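Student: Submitted below is the structure of interest, expressed as structure tokens.
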Amino acid sequence: MRGTRAQTNTGRKEGVNLNKQQKQKKETTIDSYYSPNGTEGERSANDKPEIPANWIQAVEELKTQLREAEDNWEKNLKIKISHLETESLELKQENSVLKAKIIQLENEAKEMKDEAKEMKDEIKRMKDNLQRNSDQKEKDDQKAKDEIQSLRTRVKQLESSDLTRQQDTIRQNKKNEKIEENVKHLIHKTDDLENCSRRDNLRIIGLPEDHDKRKSLDIILEEIIQENCPEILEQEGKVEIERIHRSPPVFNPQLTTPRNVIAKFKNNQIKEQVLQAAKKKPFRYHGNMVRITQDLSASTLKDRKAWNMIFRKTRELGLQPRIKYPSKL
């Protein structure tokens, strides 16, 4: 754009100079041909031709028109020169702005080069780090592979040993099951033996503790039998008691119910008669309700407690459930 404007300005200046030269040449030719008084300048006095008056007037008018054209042309030329100078000034300003931009671009290019160099250095460092990391990763992978292989070997060994242990466990479980069966059988036999040892015993439930202070337990038991089933004493005479005591032997003041009384009869037939009589009707002693049952082992009593809810339901239905030894409905 700047080159085009410069060429245009140069062409305009050359055209102005050419027009000036042509105008001066024309004026010289006309002025040299006519003198100021209307005569011919360069020709001799002998060779003067006669010029018509209208031609002279036409020439004068032509001169006047040429001068006016020259003045207009000069004015236009000055205006164009002024415009060209203004455009030249604007071009200079644009040129200075462009130079500043070029300098700025050069600085930016320099900064970009520096940044590119830094980026190259950073990329090189990153490549080196990646290479080192890759080498380290290969080492770690190899180490991991070795460890996995070692673990696989150990797993196989453990599986083989675990299989052996499982077989040993199965054999041991079978032994334990057999031992448990034997233990259950022994517990059952022990309970049976304990219940057999208690077959001559009766358990008296609900007898108040304060009666023990006035009388012994064997006399109290005889009075209970006399009060509730006197026919037994009439048939058998005196009831012989081998041993009678409270259970547990130590009194606990926190208990709200009296302790049970365990009585062992010397004669099993009398014990059975008393038990059958207690099943037929509830026993009383001095107005207090007492309950007489067969004395059984703790495990058998625990098994019988499991029937309590069943008993409640059957009584609600109007039935009279009973449990026979050891624990059959």
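Student: Straight-line reach from K80: which aspartates and glutamates fall under 16 Å, measuring Cα to Cα and dropping same-chain residues less than 8 apart?
Tutor: By straight Cα distance, K80 reaches E14, E70, D71, E90.
Student: So how much slack lies between K156 and S216, counting 0.36 nm per residue of separation and subtracting their Cα-Cα distance, in nm? Write down the numbers at each step before the final one.
Tutor: Numbers: separation 60, 0.36 × 60 = 21.60 nm, distance 7.72 nm.
Between K156 and S216, full extension yields 13.9 nm more.
Student: Ok, one more. Hey, can you find the accessible area per residue of the stretch 201-295 for me, probe 1.4 Å, expressed in square angstrom?
Tutor: 59
Student: When you count, for each residue, the other Cβ atoms within 10 Å and take the mean per peptide, how do 214-222, 93-101 rank with the highest first? Please list the in-between numbers first.
Tutor: Values: 214-222: 15.4, 93-101: 10.8.
Packing order, densest peptide first, comes out as 214-222, 93-101.
Student: I'd like the carbon and sulfur percentage of the solvent accessible area for the stretch 147-198, probe radius 1.4 Å, heavy atoms only, ligands and nucleic acids excluded. Mind dumping the intermediate values first?
Tutor: Details: 2570 of 4690 Å².
Within the stretch 147-198, the accessible surface is 55 percent carbon and sulfur.
Student: Still on this structure: Rounded to two decimals, what ratio of Rg to Rh does the stretch 99-175 give with C-alpha atoms and a Kirkwood Rh?
Tutor: On the way: Rg = 31.6 Å, Rh = 18.5 Å.
Ratio value, two decimals: 1.71.
Student: Something else now. Take the solvent-accessible surface of the protein heavy atoms, probe 1.4 Å, and return the percent of it on the stretch 201-295 that carbon and sulfur atoms account for.
Tutor: Working: 2740 of 5570 Å².
Of all accessible area on the stretch 201-295, carbon and sulfur atoms account for 49 percent.
Student: With θ taken as phi - 60° and the coefficients 6.51, -1.76 and 1.60, list the Karplus ³J(HN,Hα) couplings across the stretch 225-235 in order, rounded to whole Hz; mark glycine and proline as x.
Tutor: Calculated HN-Hα couplings, in order: 5, 5, 6, 9, 9, x, 4, 5, 5, 5, 7 Hz.
The values are calculated or read from the model by the stated rules, or taken from the named source; none is laboratory data. Because the structure is a prediction, the values reported are computed rather than measured. A quick note on method: Cβ atoms are made from the backbone with ideal geometry, for glycine too, and the neighbour counts reach across all protein chains shown. Areas reflect the complete protein model, heavy atoms only, side chains present, ligands, DNA and RNA absent. Shrake-Rupley method; radii C 1.70, N 1.55, O 1.52, S 1.80 Å.
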